[in-house]
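Here is the structure we will look at.
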Amino acid sequence: MSRIAVTSEGPTLKDMVDPRFGRAGGFVLVDPETMEHEYVDNGQSQTMAHGAGIQAAQVIADSGAKIVLTGYVGPKAFEALRAAGIKIVQNLDNMSVQEAVEKYKSGSVDYASQSNK
């Protein structure tokens, strides 16, 4: 199973999913089989006037993750993620990173075919 990137308000599995993809506080990179994880800060994208989503998509592509779990992805970031071959699951806000990964593992999520913003 591929590594998953989850937009997060903090560095742990207990932190809440950040609903914003491009301006997320960071990304928790999770191995869904072992639940081993690491945190990648996204602070640089938070301060950008434009292009935060595209920058965040590059961070995810560089991390090697093949799936993103998040709340909302704008159209430019969506296209950048798809171009990098990364699958997107949206509308996973209001839950912890661990809950989002468990929901993904249970098969009760749908991959997005377009941005929801």
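The values are calculated or read from the model by the stated rules, or taken from the named source; none is laboratory data. Predicted, not measured: the structure shown is a model, and the values here were computed from it. Please note: Cβ atoms are built from the backbone with ideal geometry, for glycine as well, and neighbour counts cover all protein chains shown.
Pick from the range 66-85 the residues that are surrounded by fewer than 19 Cβ atoms within 10 Å (Cβ to Cβ) and hydrophobic (A, V, I, L, M, F, W, C): which of them is farthest from P11 (Cα to Cα)?
The qualifying residue farthest from P11 (Cα to Cα) is A83.
Here are G85, G43, G64: which of them is touching a strand residue (DSSP E or B) at 6+ places or on another chain (Cβ under 9 Å) and at positive phi? I'd like the intermediate steps shown before the answer.
Numbers: G85 fails: touching a strand residue (DSSP E or B) at 6+ places or on another chain (Cβ under 9 Å); G43 fails: at positive phi.
Among G85, G43, G64, only G64 is touching a strand residue (DSSP E or B) at 6+ places or on another chain (Cβ under 9 Å) and at positive phi.
Residue check: is E99 among the acidic types (D, E), farther than 17 Å from R3 by Cβ and surrounded by fewer than 18 Cβ atoms within 10 Å (Cβ to Cβ)?
yes
Matching residues to (1) farther than 13 Å from T7 by Cβ; (2) touching a helix residue (DSSP H, G or I) at 6+ places or on another chain (Cβ under 9 Å); (3) among the hydrophobic types (A, V, I, L, M, F, W, C); (4) assigned to a strand (DSSP E or B):
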site	(1), (2), (3), (4)
M35	yes, yes, yes, no
A65	no, no, yes, no
A77	no, yes, yes, no
L81	no, yes, yes, no
I88	no, yes, yes, yes
S113	yes, no, no, no
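Any chance you could count how many residues in the range 7-30 are over 13 Å from K66 (Cβ atoms), within 9 Å of the chain's Cα centre (by Cα) and of a type in the set (A, V, I, L, M)?
Adding up the residues that qualify gives 3.
Looking only at the range 31-55, filter to residues that are β-branched (V, I, T) and either under 12 Å from G74 (Cα atoms) or under 13 Å from the mean Cα position of the chain (by Cα) (or both); which one of those is modelled with the highest pLDDT?
Quick first cut of the range 31-55, residues β-branched (V, I, T) only: 34, 40, 47, 54.
Checking which are either under 12 Å from G74 (Cα atoms) or under 13 Å from the mean Cα position of the chain (by Cα) (or both) leaves us with 40, 54.
On the way: V40: 93, I54: 88.
That would be V40.
Applying the selection to the range 12-27, what residues are in a strand (DSSP E or B) and closer than 16 Å to K87 by Cα? First the steps, then the outcome.
Step one: of the range 12-27, the residues in a strand (DSSP E or B) are 16-17, 20, 26-27.
F27, the sole residue that qualifies.
Tally the residues that are closer than 22 Å to D62 by Cα and surrounded by 19 or more Cβ atoms within 10 Å (Cβ to Cβ), restricting the search to the range 87-96.
If we filter the range 87-96 for residues that are closer than 22 Å to D62 by Cα, which is where we start, we get 87-90.
After this cut, where a residue has to be surrounded by 19 or more Cβ atoms within 10 Å (Cβ to Cβ) as well, the list is 88-90.
Total meeting the criteria: 3.
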